[in-house]
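Enquirer: This is the structure I want to talk about, given as structure tokens.
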Amino acid sequence: MEARPRAGDLDALKRGCDATTGMAYVRAMGHLLHVTRKPTMPTTEKFPFSIPAIRSFEKLALDVRVTFFVGENGSGKSTMLEAIACAAEIPGYGGDRIERDHSLDRQRQLASHLRLAWTARSRTGFFMRAEDFFGHLKATARLDARILRELRESKDPSYRPTTEPLPDPVHVDEILAEEHLARLDVRSHGESFLEFFGQRIRGEGLYLLDEPETPLSPARQLALLALLGEKVREGAQFVIATHSPILLAYPKARIVSFDKAPIETVAYESLDHVTVMRDFLNHREKYLSRLFG
Ligand SMILES: Nc1ncnc2c1ncn2[C@@H]1O[C@H](COP(=O)(O)OP(=O)(O)OP(=O)(O)O)[C@@H](O)[C@H]1O
Ligand SMILES: [Mg+2]
């Protein structure tokens, strides 16, 4: 079932939601409305075109502020999210340029067969895999340490700066931002991750997040849920691949299942993530005796 604003329902559109469903529609400039396949999409058995959800994909509606990708491991959620990031030409979360990321070469191929429809073309936002976050923290902390060392040594008249180039871009603002981010590393992973969200997601923009729940406790996932609401009110749009029943509960979000071919919108209560988790918690002994005899 696909909820769409009805023609003439201008009041609801101005409020940013559909009068009947209450779904929060994207209405600000620079938001992504939908992704469709181009007729050029190959019908080959090679990754990523071999993935059933992608092979059968026709249209992905993204005209709400929060869209979730759900599905079994290997169903193609990350692949689609990465391809959208490539097609949208938004940066990696640390300002990295994803067109230089060779691990995304195949996703770029898929991206070239996707058509993106926007309210207005925008490159504001970023793409982020939770698993990359901590590697980036470490890299920026190393850069921070090196800059501080070079600044200190530059006061020494005998000091000659290294000829090794600093990572691109080396703008002062970027370095200051990275210095600050590096300081977050002294906090726990979950704390620094949440702080990162609070600081880096501002106003309008498209934020593509792959399993952001990874480092977060259930309480912190609830905090992230609240933060998503805050950022949506500021104009942000999210597309999130997740297995978290907590995040998936975001009110009025569209949940797209990659277990279906073609992909389709599904109801929260029908998700395995919800029913299996609930049943396990309610009947833990039954599950454990089945698993361990
Ligand atoms: N670079 C690659 N080359 C070949 N196959 C790949 C590549 N990357 C992913 N795959 C395969 O494509 C399928 C979809 O992977 P993808 O990472 O998109 O799944 P996912 O839905 O994000 O899973 P998870 O929930 O485990 O993160 C998997 O079978 C995976 O093994
Ligand atoms: Mg994935």
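Enquirer: Within the stretch 226-239, work out how many residues are outside any loop (DSSP other than H, G, I, E, B) and either crowded, with 19+ Cβ neighbours inside 10 Å or touching a residue at least 60 places away in the same chain (Cβ under 8 Å) (or both).
Expert: Total satisfying the criteria: 7.
Quick grid of which residues meet (1) surrounded by 16 or more Cβ atoms within 10 Å (Cβ to Cβ); (2) assigned to a strand (DSSP E or B); (3) more than 16 Å from ligand 2 (Cβ to nearest atom):
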position: F196; (1), (2), (3): yes, no, yes
position: L222; (1), (2), (3): no, no, yes
position: H243; (1), (2), (3): yes, no, no
position: D259; (1), (2), (3): yes, no, no
position: H273; (1), (2), (3): yes, no, no
position: R278; (1), (2), (3): no, no, yes
position: L281; (1), (2), (3): no, no, yes
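Enquirer: Quick check on the stretch 83-122: of everything there that is assigned to a helix (DSSP H, G or I), touching a residue at least 60 places away in the same chain (Cβ under 8 Å) and surrounded by 17 or more Cβ atoms within 10 Å (Cβ to Cβ), which residue is nearest to ligand 1 (Cβ to nearest atom)?
Expert: Here the residue is L110.
Enquirer: Would you confirm whether or not the stretch 51-66 contains a residue that is under 29 Å from E234 (Cβ atoms) and within 16 Å of ligand 1 (Cβ to nearest atom)?
Expert: Yes, the stretch 51-66 contains a residue that is under 29 Å from E234 (Cβ atoms) and within 16 Å of ligand 1 (Cβ to nearest atom).
Enquirer: If you go through the stretch 198-220 one residue at a time, how many are among the charged types (D, E, K, R) and within 16 Å of ligand 2 (Cβ to nearest atom)?
Expert: Final tally of qualifying residues: 3.
Laboratory data are not the source of any read-out in this text; all were calculated from the coordinates shown. Worth saying up front: this structure is predicted, and the values here are computed from it rather than measured. For neighbour counting, all protein chains shown are included, and Cβ atoms are generated from backbone atoms with ideal geometry for every residue, glycine included.
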